[in-house]
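Inspection log for the structure reproduced underneath, given as structure tokens.
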Amino acid sequence: MNFNQLVSFYHVARTQSFSKAAELTFCTQPAVSQKIRKLEEYFDIDLFDRSSGIALTQAGERLFSYARIVVEEQEKLLHDMKRMKADEDNSLRVATHFAVMNNFVMDVASKISQTFPDISIALHEASPLKCLKKLQNGEIDIAVLHSSIVPDNLDSVLWKEVDYVLVVPKDHALARKRIDSFEEILPYTIIMPGNDLKLPAREIFDGICAERGLKYEVSMENSNIDLSMKYVTRGFGVSCVLGYEKIIKKNSERLAFVSLRKFCPPQHIVVASRPDASLSKAKQEALDFFMKN
């Protein structure tokens, strides 16, 4: 038995859901299921009654009473240690993924360094899921992410709003007109993020098509905005991306960016933090400055 198995068991038993436990522990549902099986193999007894959903057996109830004490005390200990470290550490630790880092965070971090000479900014670039894991583990102070992927057990505050755009070559038919109906996009092959990434652009298109009984053809799967610009330029298809100002400015000579606000709600970029986290006065002032820029 290891501690991660016990944590997974605790969250499954507490939430009565394998999927919620997976979200809270930042791993996949199959991984949670495997940890529960390993625990049952270790104790050589069933912890859940599979015939009635996710009901605990008598052995499961006994283990849950133990796990609750261990996990909750461990969380209190981590909180105390992080608060003590925060009081000593004048480094504001920020994690985000490449697009948000490149288009927003680096500029604000530079301003903070100039305005608050006693505060250092430690920037971490990682995938959204890794950013969340770092935040949950206390490795960073804040994560700057799209609101759609931030779980309910974290605090989040709106920071920026970005519209979706359709990227097409300058000489494309859709570049010369306003798109009045979603159906006008569908005759063209589209460059989209992979389904497994669960990114909002793909989910929005899939949702609209499912609702209206429509279909679209994906010419290639890609989640890197800079690469999407190159693929559109080379004629591999059109692409739905977030219209970051820097991206549009950089590519405006060879590509057109058509607003999709009529069909796709803007994406909210939020600053996420742990509800039990605390910052030193100096770091809080730097974070307040961050939120205003």
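The values are calculated or read from the model by the stated rules, or taken from the named source; none is laboratory data. All values reported here derive from a predicted model rather than from experimental measurement. A quick note on method: Cβ atoms are made from the backbone with ideal geometry, for glycine too, and the neighbour counts reach across all protein chains shown.
Summary of values
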item: Counted residues, segment 114-136 - those being more than 15 Å from the chain's Cα centre (by Cα) and either at pLDDT below 90 or of a type in the set (S, T, N, Q) (or both); result: 6
item: Unmet requirement for residue 118, which otherwise passes all of (1) assigned by TED's automatic domain parsing to the domain that holds residue 146; (2) crowded, with 16+ Cβ neighbours inside 10 Å; (3) among the charged types (D, E, K, R); result: (2)
item: Segment 247-284, residues that are within 16 Å of residue 122 (Cα to Cα) and surrounded by fewer than 17 Cβ atoms within 10 Å (Cβ to Cβ); result: 282, 284
item: Residue identified as closer than 23 Å to residue 196 by Cβ and crowded, with 19+ Cβ neighbours inside 10 Å among 237, 243; result: 237
item: Residue match in segment 161-178 (condition: of a type in the set (Ser, Thr, Tyr), in contact with a helix residue (DSSP H, G or I) (Cβ under 8 Å, 6 or more places away or on another chain) and either exposed (fewer than 15 other Cβ atoms within 10 Å of the Cβ) or assigned to a strand (DSSP E or B) (or both)); result: yes
item: Residue check for residue 70: touching a residue at least 24 places away in the same chain (Cβ under 8 Å), among the hydrophobic types (A, V, I, L, M, F, W, C) and surrounded by fewer than 16 Cβ atoms within 10 Å (Cβ to Cβ); result: yes
item: Residue that is farthest from residue 20 (Cα to Cα), among those in segment 131-158 that are buried (at least 16 other Cβ atoms within 10 Å of the Cβ) and out of contact with any strand residue (DSSP E or B) (no Cβ under 8 Å at 6 or more places or on another chain); result: 138
item: Segment 265-292 residues that are at negative phi, paired with ones that are small (Gly, Ala, Ser) and not in a helix (DSSP H, G or I) (beta carbon under 6 Å, 6 or more apart); result: 270/156; 272/143; 272/156
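Quick grid of which residues meet (1) at pLDDT 95 or above; (2) farther than 30 Å from residue 93 by Cβ; (3) under 20 Å from the mean Cα position of the chain (by Cα); (4) assigned by TED's automatic domain parsing to the domain that holds residue 103:
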| residue | (1), (2), (3), (4) |
| --- | --- |
| 227 | no, no, no, no |
| 232 | yes, yes, no, no |
| 237 | yes, yes, no, no |
| 240 | no, yes, yes, no |
| 245 | no, no, no, no |
| 250 | no, no, no, no |
| 253 | no, yes, no, no |
| 256 | yes, yes, no, no |
